[in-house]
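Below is one structure, written out as structure tokens; comments come after it.
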Amino acid sequence: MNKSKVLIVGGTGYLGKRLVKASLSEGHETYVLYRPEIGVDIEKVQLLLSFKEQGCKLVSGSFNDHISLVNACKLVDVVICAISGVHIRSHQILLQLKLVDAIKEAGNIKRFLPSEFGTDPARMGHAMEPGRITFDDKMEVRKAIKEAGIPFTYISANCFAGYFLGGLCQPGFIIPSTHSVVLFGDGNIKGIYVDEDDIAIYTIKTIEDPRTLNKTVYIRPTENILSQREVVEIWEKLIGKELQKSSISAEEFLSLMKGQSYEEQVGMTHYYHVCFEGCLTNFEIGEEDVEASNLYPQIKYTTVHDYMKRYL
Ligand SMILES: NC(=O)c1ccc[n+]([C@@H]2O[C@H](COP(=O)([O-])OP(=O)(O)OC[C@H]3O[C@@H](n4cnc5c(N)ncnc54)[C@H](OP(=O)(O)O)[C@@H]3O)[C@@H](O)[C@H]2O)c1
């Protein structure tokens with residue numbers, strides 16, 4: 001069977017560039033959207049050229065030009081979008097509605113993977129303001145996909161390791177301290193941390209797997225389901241030293257939000273749901289959905305311990 005041809009939208013992004021690499025390494029003919037709007041952003045242009053050197057095809061297309069998106073979709077079988085959705089960087093999730101229109105018109109796409117890659121938005125109907133916008137926007141895209149009748153896979157990737165392990169689960173930090181840490185309450189709520197390169201590989205594995213068609217795929221590597229306290233312990237062992245620990249209550253954490261910018265508040269409410277509420281681990285995966293490390297046991301995922309060695 002010929003492998004699916006893949007279009008990556010948002011390929012220059014933090015996750016997107018890893019999806020490009022994974023798609024190539026899995027042997028897919030890989031197309032990356034090149035948006036003329038990036039202008040003279042030399043870093044992006046160089047990155048796109050490096051993709052080309054590695055065997056990708058660059059395809060010009062703009063979210064302001066419907067036909068260009070339709071034409072890009074017509075070249076491939078699968079579209080994966082990794083457009084931005086982190087407010088402190090950029091949040092463009094609803095632009096995907098234009099991509100959904102293009103996929104619908106193109107009519108040939110066997111699978112669309114929208115930009116999700118985090119907490120399952122379908123489980124976040126109760127989410128707090130202002131962070132709920134992330135989940136609401138992702139649900140709006142899901143609604144459009146459903147209405148257009150487009151086959152899909154939704155990837156619930158849990159916590160990107162770079163943000164959560166890098167900061168020992170503290171918002172606003174992405175390099176782990178060797179001195180101190182603030183625990184969320186008792187620090188015993190479990191989160192799930194996934195190396196972004198592993199997220200990309202699992203994602204690519206799903207694209208022609210019939211078991212993942214029209215499903216949510218949760219990425220829950222067993223060894224990486226840990227509390228903040230356990231993450232800190234792993235770090236302490238690596239550096240051979242105990243950190244000074246203090247604790248913040250949920251009320252104190254929420255009151256801290258008041259002085260922050262809108263973008264920071266969005267991020268803080270996400271941390272609240274993960275670290276105080278346990279929104280990633282307080283449910284069982286239902287029979288209708290699937291888990292990536294069970295589907296692909298041959299993939300040797302990166303453990304939290306191994307991920308954290310890079311900070312030594
Ligand atoms: N679970 C977690 O912990 C976690 C953490 C971070 C992100 N995420 C999720 O992962 C996904 C990707 O996030 P990311 O941080 O990788 O994204 P990112 O690096 O901030 O941006 C990805 C790409 O989005 C495209 N983009 C940005 N602004 C655009 C605009 N105005 N018009 C069109 N395209 C635009 C750009 O691609 P091009 O220039 O190549 O077109 C950019 O490189 C999001 O859904 C986000 O919510 C999850």
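The values are calculated or read from the model by the stated rules, or taken from the named source; none is laboratory data. Everything quoted here is computed from the prediction, not taken from an experiment. Glycine gets a Cβ as well: all are built from the backbone with ideal geometry, and neighbour counts include every protein chain shown. The protein model used for the area step is the full one, side chains on, heavy atoms only, and it has no ligands, DNA or RNA in it. Shrake-Rupley method; radii C 1.70, N 1.55, O 1.52, S 1.80 Å.
Inspect all residues belonging to segment 8-21 and state whether any of them is farther than 27 Å from His87 by Cα and modelled with pLDDT of 95 or more.
Applying the first criterion (farther than 27 Å from His87 by Cα) to segment 8-21 yields none.
No, there is no match, as no residue in segment 8-21 is farther than 27 Å from His87 by Cα and modelled with pLDDT of 95 or more.
Given the conditions (1) within 12 Å of the ligand (Cβ to nearest atom); (2) out of contact with any helix residue (DSSP H, G or I) (no Cβ under 6 Å at 6 or more places or on another chain); (3) open to solvent by less than 70 Å² (accessible area, probe 1.4 Å), and given that Lys98 satisfies all but one, which numbered condition is not satisfied?
That leaves (3) as the condition not met.
Return a yes/no flag: does segment 31-47 have any residue that is more than 10 Å from the ligand (Cβ to nearest atom) and buried (at least 18 other Cβ atoms within 10 Å of the Cβ).
Yes, segment 31-47 contains a residue that is more than 10 Å from the ligand (Cβ to nearest atom) and buried (at least 18 other Cβ atoms within 10 Å of the Cβ).
Answer with yes or no whether Val59 is aliphatic (A, V, I, L, M), farther than 30 Å from Leu254 by Cα, open to solvent by 10 Å² or more (accessible area, probe 1.4 Å) and within 12 Å of the ligand (Cβ to nearest atom). Steps first, answer last, please.
Numbers: aliphatic (A, V, I, L, M): yes; farther than 30 Å from Leu254 by Cα: yes; open to solvent by 10 Å² or more (accessible area, probe 1.4 Å): yes; within 12 Å of the ligand (Cβ to nearest atom): yes.
Yes, satisfied.
Mind listing just one residue for me: the one in segment 18-30 that is touching a Lys or Arg at 6+ places or on another chain (Cβ under 8 Å) and under 16 Å from Thr203 (Cβ atoms) and, of those, nearest to the ligand (Cβ to nearest atom)? Can you show your working first?
Start the filter on segment 18-30 by keeping residues that are touching a Lys or Arg at 6+ places or on another chain (Cβ under 8 Å), which leaves 26-30.
Now drop any that are not under 16 Å from Thr203 (Cβ atoms), which leaves 26-28, 30.
Details: Glu26: 19, Gly27: 22, His28: 18, Thr30: 13 Å.
Selected residue: Thr30.
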